[in-house]
Amino acid sequence: MTRPRKDVKFQHAARSAPNGRARRLSQSISELSENDGQPASPTKNGAPPVAPPEQPPASDYDKKKANFITRTIWSLVMIMGFFWVLGAGHMYIIIIVTAVQVISFKEVIAIANVPSKARSLRFTKSLNWYFLGTAMYFLYGESIIYYFKHILLVDRILLPLATHHRFISFMLYIIGFIFFVFSLQKGHYKFQFTQFAWTHMALFLIVGQAHFVINNIFEGFIWLILPVSMVITNDIFAYLCGITFGRTPLIQISPKKTWEGFLGAWFFTILWGIGLTHFLAQYKYFICPVNDLGANIYTGLECRPNPVFIARNYSLPMIPAGLPISRTLNIMPVQFHVFILATFASLVAPFGGFFASGLKRTFKIKDFGDSIPGHGGMTDRMDCQFIMGSIAFFYYSSFIAVYHTTVGGVIESAVTGLTPEEQMEVVKILAKNLVNQDIISPKILEYLSAQLHRR
């Protein structure tokens, strides 16, 4: 075999060893062959590797199909989870609403947090979460005190927190306000005040409206289920009717919305509301205000039903006499309210979505986040729900709620408006009334009288 000439160098041995001598050919090849996945590494027979064929990019149809499957799966998961939590009790639903509220607030605030990081502003994120906690403390406290004052006002530890709740909440806010002023940095004043306003807008639109949803839960599950399901039904049928009959654009900010889709969704939302209300009104678990946070679908709730859930006979004057048609209609008054709520769900609630669409267009983002696979962010799904929850609360408070004396109201008046001696006198009178009805023993009345004379 012919030997190579001494002055010929192989390209693999171009690098010099630490001692200055050229590396051997075998060493260079082994080093280059360590990573077979590298395109430049030779194969065993010295031939260059064959690159794997490139996968063709997914078509728009494939992307939409995959997104539709993911969206459907997660929709079913959320629906089944909602029904499970609904049966578990009011406390679990409140926890879910609180989690939705916090996630939505985080998504909205995150839009404005990016510029603050670029400016290296301190405490901006911490202040956002502090104001969220303060707002939640105030609003949740207001609800708990209103619905459970008969428990809070007779507890030695909780009584000061209940009676001074608003002052405590105000002082917590003032502390955050002062801390914000101290955090102002020269050259960033305009930006920081914009952030301050952005945070308060998020608190108003998300936390404030979620507070009314919580109140709807306390007033009865039906006032949560009905608005939520109406918005979902309206959204589904607006899409179906829009792609089937849609021709006339509804609003410029959402060019896919049509008048045909709007009217069709309104009609089917009314039908859904009437049918759902007829079903839910048969069970006190859904129509009774909450008086026990430990109740669930198995234990149930007991209450005197609101008169709107008791069917009445209504005359139909437009039907002439002599026709084989009944001139009376037996229906629950709540069904008339369902018509109004369905109109709100079709006409007003979508503007929450329009507002969110305008906000996303302003910041040039597709979704608020990716909290729910296939759906985008939590805010993308709750933009209409929050405003509909607020509408349902104010409508219920104005036209449906029955205001009467409650145990909590009597106790509040007695604790805050009477002296201890007057409270003892009230207890004695109530005890005497119970003795006369043979409900309690006369010895209890004698003991109370003795205690009153000692004071």
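Tell me, which strands (runs of 3 or more DSSP E) wholly within region 232-350 include 1 or more residues that are within 30 Å of residue 362 (Cα to Cα), in the same structural domain as residue 143 (by TED's automatic domain parsing) and modelled with pLDDT under 90? It would help to see each step written out before you state the result.
On the way: elements: 249-251, 254-258, 312-315, 328-331.
Passing ranges, in order: 249-251, 254-258.
Take the conditions surrounded by fewer than 19 Cβ atoms within 10 Å (Cβ to Cβ) and within 18 Å of residue 103 (Cβ to Cβ) and apply them to residue 418. Does it pass?
no
Search region 245-294 for residues being in contact (Cβ under 8 Å) with a residue 24 or more places away in the chain and among the hydroxyl-bearing types (Ser, Thr, Tyr), and hand back the single one that is nearest to residue 359 (Cα to Cα).
254
Considering region 181-232 alone, what residues qualify as being small (Gly, Ala, Ser) and out of contact with any Pro (no Cβ under 6 Å at 6 or more places or on another chain)?
Let us first name the residues in region 181-232 that are small (Gly, Ala, Ser), namely 183, 187, 197, 202, 208, 210, 220, 229.
Hits for region 181-232 are 183, 187, 197, 202, 208, 210, 229.
Exactly one condition in (1) in a helix (DSSP H, G or I); (2) of a type in the set (A, V, I, L, M, F, W, C); (3) at pLDDT below 90 is false for residue 105; which is it?
Failed condition: (3).
I'd like the full set of residues that are surrounded by fewer than 20 Cβ atoms within 10 Å (Cβ to Cβ), polar (S, T, N, Q) and either within 18 Å of residue 349 (Cα to Cα) or in contact with a Leu (Cβ under 9 Å, 6 or more places away or on another chain) (or both), limited to region 221-257.
Matches in region 221-257: 229, 252, 254.
Residue 279 is checked against (1) within 30 Å of residue 245 (Cβ to Cβ); (2) of a type in the set (A, V, I, L, M, F, W, C); (3) within 24 Å of the chain's Cα centre (by Cα) and fails just one. What number does that condition carry?
(3)
Take the residues in region 76-100 that are more than 15 Å from the chain's Cα centre (by Cα) and small (Gly, Ala, Ser), then tell me which one is surrounded by the most Cβ atoms within 10 Å (Cβ to Cβ).
Among residues in region 76-100 that are more than 15 Å from the chain's Cα centre (by Cα) and small (Gly, Ala, Ser), the one surrounded by the most Cβ atoms within 10 Å (Cβ to Cβ) is 89.
If residue 353 passes every condition in (1) free of Cβ contacts under 8 Å to residues at least 60 places away in the same chain; (2) in contact with a helix residue (DSSP H, G or I) (Cβ under 8 Å, 6 or more places away or on another chain) but one, which one does it miss?
With (1) free of Cβ contacts under 8 Å to residues at least 60 places away in the same chain; (2) in contact with a helix residue (DSSP H, G or I) (Cβ under 8 Å, 6 or more places away or on another chain) applied to residue 353, the lone miss is (1).
What about residue 410, is it surrounded by 15 or more Cβ atoms within 10 Å (Cβ to Cβ), modelled with pLDDT under 80 and either more than 30 Å from residue 204 (Cβ to Cβ) or under 44 Å from the mean Cα position of the chain (by Cα) (or both)?
On the way: surrounded by 15 or more Cβ atoms within 10 Å (Cβ to Cβ): no; modelled with pLDDT under 80: yes; either more than 30 Å from residue 204 (Cβ to Cβ) or under 44 Å from the mean Cα position of the chain (by Cα) (or both): yes.
Criteria not met by residue 410.
The values are calculated or read from the model by the stated rules, or taken from the named source; none is laboratory data. Quick caveat: nothing in here was measured; it's all calculated off a predicted structure. Please note: Cβ atoms are built from the backbone with ideal geometry, for glycine as well, and neighbour counts cover all protein chains shown.
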